[in-house]
Amino acid sequence: MQSSDAGSESFILDLASVWACDKAQTGGKGAHLARLIHAGFPVPEGFCLTTALYRELTDDPTITRLIDELERISAAESDALHDLAGRIRDEIQGKELTFDLLKAIERRIDADTSYSVRSSATAEDLPTASFAGQHDTLLDITGIEAITRAILQCMASLYTDRAVSYRAANNILHRDVSMAVVVQQMIEADISGVLFTADPVSGRRTTASIDAAFGPGEGVVSGTVTAENIRLDRRTGEVLDIEVHTGNEIAEDGGGRDVHILTEKQVQKLHAGGEGIERLFGSPQDIEWSFEGEYLWILQSRPITTLFPIPEPRPDGDGLHVYYSWNHRQGMTEAMPPLVVDYWLQTMDALFHRIGFAPATGSLGATAGGLVYFDVTPFLNSKRLFPSLREGLSEFDQQSVYLLDDIVFRRRDEMAEVSLLRGLSPGRSLVAGLRLGYTVCLTLFSILHGLVTKSYIEVPARSRRWADQSVGQMILAIRSAETGEDRIRMALEKNKEFVWTAMKQALLLWNIYVYRALLRRVSNPSDDEFEALERGLSENVTTTMMLELGDITDRARDSSPVRDAIIHGGDLEDIRRADDGDLFVSAFSTYLQRYGFRAPSEIEFSRPRYDEAPSMLLQSVRASLRRDVRGAHRRQIRELEARAEDVIADLEKAARRGLFGFLKPRLVRAFALRYRKYLSIREITKYALSQLIAETRHQVLAAGELLKREGGLREAEDVWMYTMDELQSALRDPKKPLDIDLNQRRADFHRHQTLRAPAVITSDGEVPRGAMPEGAGDGGLTGIATSGGVAEGVVRVILYPGDAALRQGEILVAPHTDPGWTPLFLNAAGLITNVGGVMTHGSLVAREYGIPSVVLAGATDTLRTGQRIRLDGNHGIIELLEDD
C-alpha cells in the first residue's frame, strides 16, 4: 500500500504509515492500530480517512451553526440534544467525497473483498474515556459505493445520540473532537473475542480475563452472545477458571454440547500478546482479537477506563496490602483535587509522626482516585488488632467491616507480613505517650469531678468557646504571616497542630461511654430507650445550626413580601428590595457570620462555603416556607426532649425495684443528664476544624489569584492542581510557571470524579464486594439501621445540596452527609445514605431530630426521585410502595 496520494494526501493514510500514529489525524482507534503495527503486532491491513476529511465535510455554515447550538444544551436536555444531533448526521451523510479521494480509496480495496469500516474519534480510546460503542462500526462492506456510504455514516456517527450524550456527561466540547474512519480487510475468523489484561469485574491487575466465541467477534463485543470466559493468573499464565458456554457448537445429533472454544496454546498466545500490548500502551487494555486458524489477529486495543487506580506509593515486596479509605471514614466519598489530597496526607503523616511512626517510605498514607487511603494490613494480620479495627469501624462504616472480612477470609495467606512496630520511634512514642497520658489523667479527673458536681451543665457551652477561641487564635496567626507563601505554610502547620489538639479534646467523649455503662448497671435501658436519650439535643452545634435556620425561616414566614420573594426564587438582593427585606437579610447575614464557613463535604475545601454560595441555604428556607406551620422545628425538638424526660422517669421507676432501690433512681437521672450533655459535644471538633479549613480555602484562593495576576497560572482555579509544597514553591516566584503538566492533572481529576471510589482496595487493584445482609424480600431492600422509626414518603435523590431542594416530608437519599447537609434535615422525613454507620453525622442528626435513617450501599443508584417508599429505621428495611 502507498502512504498517500497526490491531491488526497491530507485525507487518507495507510495504517502502516508512521503518520498514522498521530491521534490528531487518525483518531484514537486508528492511532492505536498504527502503533500496534509499528510494534510488530499482527493487525489486518487497512487505511484511515483522516480528521482532515471530517473538517472538510463539516466546514459548512449550517453544520457549524448546529454544532454551536448543540454546545449550549446540557446533558439533561436529552430530547433537544438528540434532535440537533440527528440534523447534524443528516447534513454530513448528505455530503459527497471528491473524485480524487474516491480513486485513492479504490486503489486500496479489492472489489470482491469484504471490509470493516470503523469510526475513530479523537476523543475515544482515551485513558479517561473509552467511548466504547458510542460511534458506528459497519462490517462485511463490499464495493466502492457501499464503502463510501459507510465512511460518511461513520463520520456522521460522531453525532449519534449516545455519543453526544456521552460527551455532554463527560464535559467534552463537541467542537473539540473530530472523526477519522478506519477501513480494514475483514478477517475470516474461526474464533473471536475480547481480552482484558486486568479483571474488569474485581479490578485485580494480576488476573486477565478472556471472552471467546466461535465466528466473528461482534457478538462478544456487543454482548449479544454468551461467550466462554477464561480467567488466568498473569504472573504465571496459569488458568484459574473457565466458564464453558453450552450450545456454541451443534453436535451431529442437533443437540448442544459443552466445548472448550480456545486451546491451551491459543490461551497462552493471547496471554503473551496481551502482556506485550499493555507494556506498549502503559495501562491495562481491552483488546479485541480473532483467530484465523491458529493465526492471532489484533483488531483493536483501548484502555480499560472503569478500573479504580491502585493506591500510590506502591508498597515494597510481593505481599498483598489492603487499604481503607480515610474519606469513607469521614463520610465524604467524592474525588478531591491534588492540593486537598496532599493537605490531608501531610496532616495525617504529621499526626502519626507525633505518635512515633517514621516509615522509610516517608508516609503512612497513600492516594488513589483523589482519595486518601491508609494501609490496614498490619491490623488484618493481627489476631488482637483486627477485632479492634472491626469494632471501631462498625459504628462509622459497617459496610467496610463486611469488605475487610471478605478479604481476610479469602486472601489472608497472600498478605504481606508487616507490623505496626516497623518504623516506630521509641523516643517519640515515649514523649507522645507521656503527653497523652497526662491528658488521659486530666480526662479521668474531669469524669470523676463531673460525677460529684454539676460542672457537666456547662460542657456544651465550654466546648463551643474552646472551639471558637482556639481556632480563632490559629486563624489570626495564619492571617498575620508576612507573605502568601508563609500564610499557606502556616495554614498547613496550624491544621497539623489542631488535629493533635482535637485528638486530646476528643478524649472528653469518654464520658459518653462511661455514663452509658453506668446507666446499664443501674437500670439497663433498652436500645430504644438509649435512642430516645440521644434525641432532642438542642445544644449540639449542628442541631443549633438547624434550629437557627428554622428561626430565620419563620422570620420570612411572618412577612408576606419576603416570603413571596423567596418562594419565587429570589436571591438576597431581590429579597432585600421587598418590604421588610432588610430585616430578613440582616438576620440571614448574621447566620452566615456564625456558620458561613460550613459547607457540604467540608473536608473537600476546593468547594465553596455557605458564605460564598448562600443559595444552598436559601433553597432549604424556600422548601420550608411551603409548609404553613410556624415553629415546627422548635416544637419537634421540644417533643423529643419531653420523650427523653419520659424515658428517664420510666428508668427511675424501674430502678426503684430491687437492691438499693432507694438510691438508684437518683443515679439514673444524674447519669442520664450527664450522658445527654456529653452527647451534645460529639461534633464540636468538626465544627472547629471547619473554621480552620475555610480559612485555608481563602488563603489558597488568594494564592491562585496572585499567581494568575503575576503570570504563574493561566487560571486561578488551577491552583487546586498543585500540591501544598508546589504551591509554596510557585509563590516564591509567582511570575514563573512551574514545570508541571496541569492539563494532565486536570484530566485525571475529572476522570476520578466519574469513578465510584471503593472503601477498600488491595495493592493488586481488587475491590472486594463483601457479604452484605440478606434482602428484605419482594419489593424491599435491606441496609444497615442507623436511626429508629418508620416513615413513608417520596424519595428525593440529591447528590449535592445545591442541586435540588428537599420538600417537606420527602425522604432524602444522598451519597453521604456531613454538617454542611444539616439544613436539609429541616424538611426530611427520613434519610438513606450510600455509606456510613450509627455514629456518622447523618445518623447522629437523624437520631437527634427524630427521623429514621438507613445506610444502603448504592442507594443513590438503586432508588429514584419520585418513588414512594416505607423506610423502617428500626430494622434497616426499605419497602418500595410505588413510583410517582
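The values are calculated or read from the model by the stated rules, or taken from the named source; none is laboratory data. Predicted model, so just to flag it, every value in this text is computed and none were measured. Ideal geometry is used to build each Cβ from the backbone, glycine not excepted, and the neighbour counts take in all protein chains shown. SASA here: full protein model, heavy atoms, side chains in, ligands and nucleic acids out. Shrake-Rupley method; radii C 1.70, N 1.55, O 1.52, S 1.80 Å.
For a quick check of understanding: with a 1.4 angstrom probe and all protein chains in place, what accessible area in square angstrom does residue 841 have, to the nearest ten?
Residue 841 has an accessible surface of roughly 20 Å² with all protein chains in place.
Give me the percent relative contact order of the chain, please, defined on Cα pairs under 8 angstrom at least 6 residues apart.
12 percent.
Please give the Cα centre distance for the stretch 645-699 versus the stretch 181-214, rounded to the nearest Å.
The two parts, judged by their Cα centres, are 60 Å apart.
In nanometres, what is the gap between the two model label sites at residue 657 and residue 145, each 7 Å from Cα along Cα-to-Cβ?
So the label points at residue 657 and residue 145 sit 9.6 nm apart.
Between residue 530 and residue 642, what FRET efficiency comes out of the Förster formula 1/(1 + (r/R0)^6) with R0 = 25 Å and r the beta carbon distance, rounded to 0.05?
For R0 = 25 Å, the calculated efficiency reads 0.90.
Expressed as a whole number of Å, what is the distance separating the alpha-carbon centroids of the stretch 530-597 and the stretch 464-511?
Taking the Cα centre of each part, the stretch 464-511 and the stretch 530-597 sit 29 Å apart.
List residues of the stretch 860-884, by number, whose backbone nitrogen lies under 15 Å from a label position 7 Å along Cα→C-beta of residue 790.
Answer for the stretch 860-884: 869-881.
Sort 19, 821 from largest to smallest accessible area, using a 1.4 Å probe on the heavy atoms of the protein chains.
Per-residue accessible area, sorted high to low, gives 19, 821.
What's the Kirkwood radius of the stretch 88-213 in Å, using all Cα pairs?
Mean inverse Cα-Cα distance, inverted, gives 16.6 Å.
With unit charges on the beta carbon (Lys/Arg positive, Asp/Glu negative), name the residue among 712, 578, 150 whose Cα is farthest towards the positive pole of the charge dipole of the chain.
578
Pairs to check: 383/686; 23/265; 383/664; 383/504; 29/265. Give those whose C-alpha atoms are more than 30 Å from each other in this structure.
Table pairs above 30 Å Cα-Cα are 383/686; 23/265; 383/664.
Which one, 441, 164, 370, projects farthest toward the positive side of the charge dipole computed for the chain from Cβ point charges (K/R +1, D/E -1)?
441
Let's see if you can work this out: charge +1 on each Lys and Arg Cβ, -1 on each Asp and Glu Cβ, no other charges. What is the dipole magnitude of the chain about its Cα centre, in debye to the nearest 20?
In total the dipole reaches around 5440 debye.
With a 1.4 Å probe and every protein chain left in place, work out the accessible area per residue of the chain in Å², rounded to a whole number.
In whole numbers, the chain has 43 Å² accessible per residue.
Under unit Cβ charges (Lys, Arg +1; Asp, Glu -1), what dipole magnitude, rounded to 20 debye, does the stretch 541-642 have relative to its Cα centre?
Taking the Cα centre of the stretch 541-642 as origin, the dipole is about 280 debye.
May I ask for the percentage of alpha-carbon pairs in the stretch 541-642 that lie more than 18 Å from each other?
For the stretch 541-642, the share of Cα pairs beyond 18 Å comes to 47 percent.
In the chain, if the dipole is taken from +1 on Lys/Arg beta carbons and -1 on Asp/Glu beta carbons about the Cα centre, which of 466, 290, 57 is farthest to the positive end?
Final value for the positive-end residue is 466.
Short version: ³J(HN,Hα) in whole Hz for each residue of the stretch 810-820, in order, from phi by Karplus 6.51 cos²θ - 1.76 cosθ + 1.60 (θ = phi - 60°), x for Gly and Pro, what are they?
After applying 6.51 cos²θ - 1.76 cosθ + 1.60, I find 7, 9, 6, 10, 9, x, 5, 9, 9, x, x Hz.
Which value at 222 nm does the chain reach when only helices count, each DSSP H run of 4 or more adding -39,500 (n - 2.57), with the total divided by all residues and rounded to the nearest 500 deg cm²/dmol?
Mean residue ellipticity, 222 nm, calculated: -14500 deg cm²/dmol.
Can you sort 295, 515 by solvent-accessible area, 1.4 Å probe, largest first?
From most accessible down to least: 295, 515.
Magnitude of the Cβ-charge dipole of the stretch 457-502, K/R +1 and D/E -1, about the Cα centre, nearest 20 debye?
It comes to approximately 160 debye.
Using a 1.4 angstrom probe with every protein chain in place, what is the largest-first accessible-area order of 186, 415?
186, 415
Enumerate the lysines that residue 736 could reach by cross-link, defined here as Cα to Cα under 17 Å, with residues fewer than 8 away along the same chain left out.
Filter leaves 708.
Which aspartates and glutamates, on any chain, are close to residue 103 with Cα under 16 Å apart, when same-chain ones fewer than 8 places away are left out?
The qualifying aspartates and glutamates are 5, 9, 14, 145.
From Cα pairs below 8 angstrom and at least 6 apart in sequence, can you work out the relative contact order of the stretch 780-880, rounded to a whole percent?
Once divided by the residue count of the stretch 780-880, the mean separation gives 42 percent.
Got a sec? Which residues in the stretch 161-201 would a label at residue 68 touch, if it sits 7 Å along Cα→Cβ and we count backbone N under 19 Å?
173-177
If I model a spin label at residue 173 and residue 808 as a point 7 Å from the Cα along the Cα→Cβ vector, what separation in nanometres do I get?
So the label points at residue 173 and residue 808 sit 4.6 nm apart.
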